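What follows is a set of notes on a single structure, which appears directly below.
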Amino acid sequence: MNGQKSRDHRQTIELQGLDWLVINDGVMGGRSSAVIGHSPSGLEFNGNLSLENGGGFSSVRAPYEPGFGDWSAFELTVTGDGRDYQFRLRESERSSAVAWRARFSTDGRRQTIRLPREAFEAVIRGRQVEALPGISERDFRYLGFLLTSDQAGPFALTVHRVDRIPAKDRH
C-alpha cells in the first residue's frame, strides 16, 4: 500500500514515492515556471508565477494508484508563503477531465488544514461545473496542488503531510 494508517484510521499519503508532474500555464502560452522536489521537510513546490501571455497558474499532480476509497476529509500539513492554493483530486490525467478542488490559504507558518468533502467543487480548466453527480461517486486516481493568481512573483509551498480521513471517522 502507498500509505500508512495511524491509530485513528487516517491514511498518510507517502508523497515522496509518487511520480510528480509539473504543469504550468505554458500549455496555453504563459510563462510561469515551477519545480517539484523533496526535502527532509516534505514535498517542495516552488517557482515563479507570470501573468505574461494570459498566464497565471502553476500546478503539480501525481497518480495515486491505490485510489482513495470512501473518505470524509483530507488533512494537509503545509508551510506556505501567504498565497492561496488549491488541493485537487482527479479521476483522469486528461486536461479536459473534471478536477475537484478545495481552496486553502497559507500564512507563512506551518499549519494543518482540514478539507472536508463538502469543501470540494468540480472544475474543468479552472471553471466551476455545476451539473455533475456528487463527489462521493468518484474514483480518484490523481492528487495535486495548484496556484492560480493575479499576483505575479515567486511562490513556495512545502507539503509536509497529506492524510486521508476515512468516511467512518467523520466528525
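The values are calculated or read from the model by the stated rules, or taken from the named source; none is laboratory data. As the structure is a computational prediction, the values presented were derived from the model and not from experiment. For neighbour counting, all protein chains shown are included, and Cβ atoms are generated from backbone atoms with ideal geometry for every residue, glycine included.
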Output for Cβ contacts, cut-off 6 Å, separation at least six or different chains, first residue under 22 Å from residue 41 (Cβ atoms) and among the β-branched types (Val, Ile, Thr) in the range 142-171, second exposed (fewer than 13 other Cβ atoms within 10 Å of the Cβ) and modelled with pLDDT of 95 or more, reads 158/41
Is there a residue being part of a loop (DSSP other than H, G, I, E, B) and at pLDDT 95 or above anywhere in the range 85-97? no
Of residues in the range 130-153 being at pLDDT 85 or above and outside any strand (DSSP E or B), the one surrounded by the fewest Cβ atoms within 10 Å (Cβ to Cβ): 150
Kindly indicate the residue of the range 99-118 that is more than 13 Å from the chain's Cα centre (by Cα) and crowded, with 17+ Cβ neighbours inside 10 Å and also modelled with the lowest pLDDT among those meeting that condition. 117
Please state which one of 30, 54 is over 28 Å from residue 167 (Cβ atoms), at pLDDT below 95, buried (at least 17 other Cβ atoms within 10 Å of the Cβ) and touching an Asp or Glu at 6+ places or on another chain (Cβ under 9 Å). 30
Conditions first: (1) touching a His at 6+ places or on another chain (Cβ under 8 Å); (2) surrounded by fewer than 20 Cβ atoms within 10 Å (Cβ to Cβ); (3) at pLDDT 95 or above. Residue 81 passes all but one, so which condition is the exception? (1)
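Rundown of residues vs (1) outside any strand (DSSP E or B); (2) more than 20 Å from residue 86 (Cα to Cα); (3) in contact with a strand residue (DSSP E or B) (Cβ under 6 Å, 6 or more places away or on another chain), yes/no style:
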| residue | (1), (2), (3) |
| --- | --- |
| 9 | yes, yes, yes |
| 30 | yes, no, no |
| 44 | no, no, yes |
| 53 | yes, yes, no |
| 60 | no, no, yes |
